[in-house]
1. Given all pairs of different Cα atoms, what value in angstroms does the Kirkwood hydrodynamic radius of region 1-69 take?
2. With labels modelled as points extended 7 Å from the Cα through the Cβ direction, what inter-label distance (nm, one decimal) is found for ASP190 paired with GLU46?
3. Name the residues whose placed amide hydrogens come within less than 5 Å of the amide hydrogen of LEU175, ignoring near sequence neighbours (fewer than 5 apart) on the same chain.
4. Would you calculate, for the chain, the mean residue ellipticity at 222 nm contributed by helices, counting each DSSP H stretch of 4 or more residues as -39,500 (n - 2.57) and dividing by all residues, to the nearest 500?
5. Restricting attention to the chain, give the cysteines that have no other cysteine Cβ less than 4.7 angstrom from their Cβ.
6. Around LYS90, what is the net charge, scoring Lys/Arg as +1 and Asp/Glu as -1 over all other residues with Cβ under 15 Å from its Cβ?
7. If each of GLU100 and ARG129 carries a label point 7 Å out from its Cα toward its Cβ, how far apart are those two points in nm?
8. For region 193-260 and region 20-38, what is the centre-to-centre distance using only Cα atoms, to the nearest Å?
Amino acid sequence: MRLGAHISTAGGAFKAFQRAREETCDTLLIFTKSNRQWAAKPLSDEDIANYRRAAAEYPDLRPVAVHAAYLINVASPDPELWEKSFLALKDEVERAGALEADFVTFHPGSYMTGGEQAGLEAIARAVGRLLEETAASAPHTVVCLETMAGQGTNLGGMFEHLAYILNQVGPNDRLGVCFDTCHVFAAGYDIRTPETYAATMAEFDRVIGLDKIRCFHFNDSKHELGSMKDRHEHIGRGQIGLAGFANFINDPRWADFAAHLETEPTMEGEDGVTINMNHVNLAALRELKITD
Ligand SMILES: [Zn+2]
């Protein structure tokens with residue numbers, strides 16, 4: 001697999017490439033704007049030119065995935081919030097398109113005071129309109145619904161939720177799923193042994209279709225199977241464990257797919273020494289690869 005991590009774009013998106021190289025990444029996941037704010041100033045021609053120059057300097061750092069802001073909630077029952085979310089999501093995809101990013105991953109959303117069904121319909125409506133309205137501005141950017149832990153009124157914890165949205169929108173090459181190991185596990189799908197992994201993948205295939213998976217988030221889980229709690233842990237230090245990740249790493253179906261860490265990039269070790277956790281996590285994952 002192509003392994004990478006969430007990389008900071010502080011100082012400009014173009015800076016992510018050199019940082020990703022330093023973090024030993026093969027691929028990177030970035031935010032193109034603050035992940036906790038609605039608005040961002042548009043990318044300038046200079047921003048885009050700088051980014052494209054850096055992308056050309058590091059042609060082996062691919063694919064580039066963009067994570068949409070966390071505030072976006074296109075499952076919202078509030079029409080104003082829905083519209084605001086839709087426009088913010090469209091802006092994310094257009095920014096990603098300007099940077100020729102391969103993927104934009106977003107959290108399907110929370111139905112809040114509405115119902116589950118209404119929430120799913122609201123998401124499908126947003127995604128359908130999104131794909132249509134960004135077909136020209138982001139023709140090569142695939143929009144990915146992320147699998148979720150199922151916390152609270154969050155949608156996307158059950159494979160059926162994602163299947164419903166994908167079916168409502170209809171077949172589209174620019175629409176797929178981002179499989180987050182922590183979220184899927186917390187939602188109740190076991191992946192820790194070859195048998196449970198195979199069963200979960202078979203279930204995903206039956207409900208959604210494995211061909212819909214476009215990229216992965218590799219996070220271990222602080223909480224146990226089925227906890228519905230979304231708390232990432234470093235690889236091998238949580239409830240999934242190294243054996244769970246070995247199932248993905250050695251699955252030939254994912255050989256060319258990208259997986260990104262979304263954990264803290266550093267940790268304070270003994271004696272106050274800063275440990276680069278991206279290095280540690282990526283090395284741990286690479287060691288799981290069985291070669292003959
Ligand atoms: Zn994730």
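1. After inverting the mean inverse Cα-Cα distance, the result is 12.2 Å.
2. The two pseudo-label positions are separated by 5.7 nm.
3. VAL143
4. Theoretical 222 nm ellipticity from helices: -11500 deg cm²/dmol.
5. Result for the chain is CYS25, CYS182, CYS215, no neighbouring Cys Cβ within the cutoff.
6. Details: positive: LYS33, LYS84, ARG95, ARG125, ARG129, ARG174; negative: GLU83, ASP91, GLU92, GLU94, GLU132, GLU133.
Net charge around LYS90: 0.
7. Here the answer is 3.1 nm between the modelled labels.
8. Comparing the Cα centres of region 193-260 and region 20-38, I get a distance of 21 Å.
The values are calculated or read from the model by the stated rules, or taken from the named source; none is laboratory data. Remember, it's a predicted structure, so these values are computed and weren't measured experimentally. All Cβ positions, glycine included, derive from the backbone under ideal geometry; neighbour counts span all protein chains shown. To get the accessible areas, we keep the full protein, side chains included, count just its heavy atoms, and leave off ligands, DNA and RNA. Shrake-Rupley method; radii C 1.70, N 1.55, O 1.52, S 1.80 Å.
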